[in-house]
Amino acid sequence: MGKLLKADLFRIVKSKLFLIICIIAGALPLLTVLLYFAVGKISTLVSEFADIGTLVMNGRQLISESFILSSNMGLILPIFITIFIAMDISNGTLRNKIIAGRSRPSIYFSHLISACLVSGVLIFFNVAMFMAFTCLVFGYGAPIDSEEIVRIVYFFITGIFTFFFSASISTAVTLAIKSSAPAVIISVLVGMGLSIVSGLVHSADPMLANQWFCLIPTYTNTAFLSAGKFPTTSFLLGLLSLIVGMGVLSVGGLAIFMKKDIK
């Protein structure tokens, strides 16, 4: 599978679309921070729009939003991953791999691993830029002590795995239905649906009194929005939910892919 993985990664990284996504990943944080900054300035200058000021959060809260699937890169990466996998199908590369004797599991997991690696790199770059711009304009908004450092580490680990989970959705859906447009729609809708569920649960329990809610995939990062000291148990439950979710998606997606007629 090593050669397949290398070829898939090379094809992604060398594409013009990857360059565009990299630019977007760097530009979105700057545009988002500038937008919140402008809203804050307007709310202080125009008294009748004072309520808009409630939209302006401190840096810590803004950063916490960056790993949520229903915003920014959470909506863009599923489209990007789906297009690349679908191109492998539409241009006949997938069929050629099978004719050359490559097993379907190796093809599936090559796409999955490359999707996860690329998603992880892009979202890490995006959030690093987000943190830099946000702290520069708004400050961090909280003392960076040992507890906060642990919280940031938990936040990044579960955040990266959240996008591994998203890549698993895109891979399973695309290889199952073999069409980019429906796959894009389904991948984005599933991510948004999970984010909506997580948001509703978070509204009901904003201080994370019930840690078992972290078993809902993608919920853990939503809970970071208001949590102070983040419990290790919640982190582990959130990580477990994402790993199990990836496993279920991979088994289901591969099972469907194994039965698909590739023409």
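The values are calculated or read from the model by the stated rules, or taken from the named source; none is laboratory data. Values in this document were obtained by computation on a predicted structure and should not be read as measured data. Virtual Cβ from ideal backbone geometry, glycine too; neighbours counted across all protein chains shown.
Using the structure shown, decide if Ile177 is modelled with pLDDT of 90 or more, out of contact with any strand residue (DSSP E or B) (no Cβ under 6 Å at 6 or more places or on another chain) and of a type outside the set (S, T, N, Q). So Ile177 does not fit the description; no. Looking across the range 155-167 at every residue that is in contact with a helix residue (DSSP H, G or I) (Cβ under 6 Å, 6 or more places away or on another chain) and among the β-branched types (Val, Ile, Thr), the one that is surrounded by the most Cβ atoms within 10 Å (Cβ to Cβ) is identified as Thr162.
Any idea how many residues of the range 176-198 are more than 19 Å from Val244 (Cβ to Cβ) and without any contact (Cβ under 8 Å) to a residue 24 or more places away in the chain? Matching residues across the range 176-198 total 6. Taking each residue of the range 83-97 that is under 20 Å from Lys259 (Cβ atoms) and looking for partners that are of a type in the set (Val, Ile, Thr) and part of a helix (DSSP H, G or I) with beta-carbon atoms closer than 6 Å, six or more apart or interchain, yields Ile85/Thr174; Ala86/Thr174; Lys97/Ile107. Taking the criterion of being among the hydrophobic types (A, V, I, L, M, F, W, C), over 18 Å from Phe10 (Cα atoms) and within 12 Å of the chain's Cα centre (by Cα), the residues of the range 65-114 that qualify are Phe67, Ile68, Leu69, Met73, Leu75, Ile76, Ile79.
Residue pairs whose Cβ atoms lie under 8 Å apart, separated by 6 or more positions or on different chains, with the first residue in the range 118-136 and outside any helix (DSSP H, G or I) and the second surrounded by 22 or more Cβ atoms within 10 Å (Cβ to Cβ) and among the small types (Gly, Ala, Ser), do not occur.
Residues that are more than 19 Å from Asp88 (Cβ to Cβ), touching a residue at least 60 places away in the same chain (Cβ under 8 Å) and within 18 Å of the chain's Cα centre (by Cα) within the range 12-39 comprise Cys22, Ala25, Gly26, Leu28, Pro29, Thr32, listed in sequence order. How about the range 100-117: which of its residues are closer than 15 Å to Ala7 by Cβ and part of a helix (DSSP H, G or I)? Within the range 100-117, Ser106, Ile107, Tyr108, Phe109, Ser110, His111, Leu112, Ile113, Ser114, Ala115, Leu117 meet the criteria. Considering the range 145-160, and only residues there that are out of contact with any Phe, Trp or Tyr (no Cβ under 8 Å at 6 or more places or on another chain) and of a type in the set (Val, Ile, Thr), the residue that is farthest from Thr222 (Cα to Cα) turns out to be Ile149. Restricting the range 192-217 to residues that are under 18 Å from the mean Cα position of the chain (by Cα) and either at pLDDT below 85 or under 18 Å from Tyr154 (Cβ atoms) (or both), which is surrounded by the most Cβ atoms within 10 Å (Cβ to Cβ)? Among residues in the range 192-217 that are under 18 Å from the mean Cα position of the chain (by Cα) and either at pLDDT below 85 or under 18 Å from Tyr154 (Cβ atoms) (or both), the one surrounded by the most Cβ atoms within 10 Å (Cβ to Cβ) is Cys214. Here Ser170 fulfils each of the conditions (1) surrounded by fewer than 20 Cβ atoms within 10 Å (Cβ to Cβ); (2) among the hydroxyl-bearing types (Ser, Thr, Tyr); (3) within 16 Å of the chain's Cα centre (by Cα) apart from (1). Hey, can you tell me all the residues within the range 10-44 that are surrounded by fewer than 16 Cβ atoms within 10 Å (Cβ to Cβ), aliphatic (A, V, I, L, M) and modelled with pLDDT of 90 or more? Within the range 10-44, Leu19, Ile20, Ile23, Ala27 qualify. The condition of being under 29 Å from Thr32 (Cα atoms) and surrounded by 19 or more Cβ atoms within 10 Å (Cβ to Cβ) does not hold for Val137.
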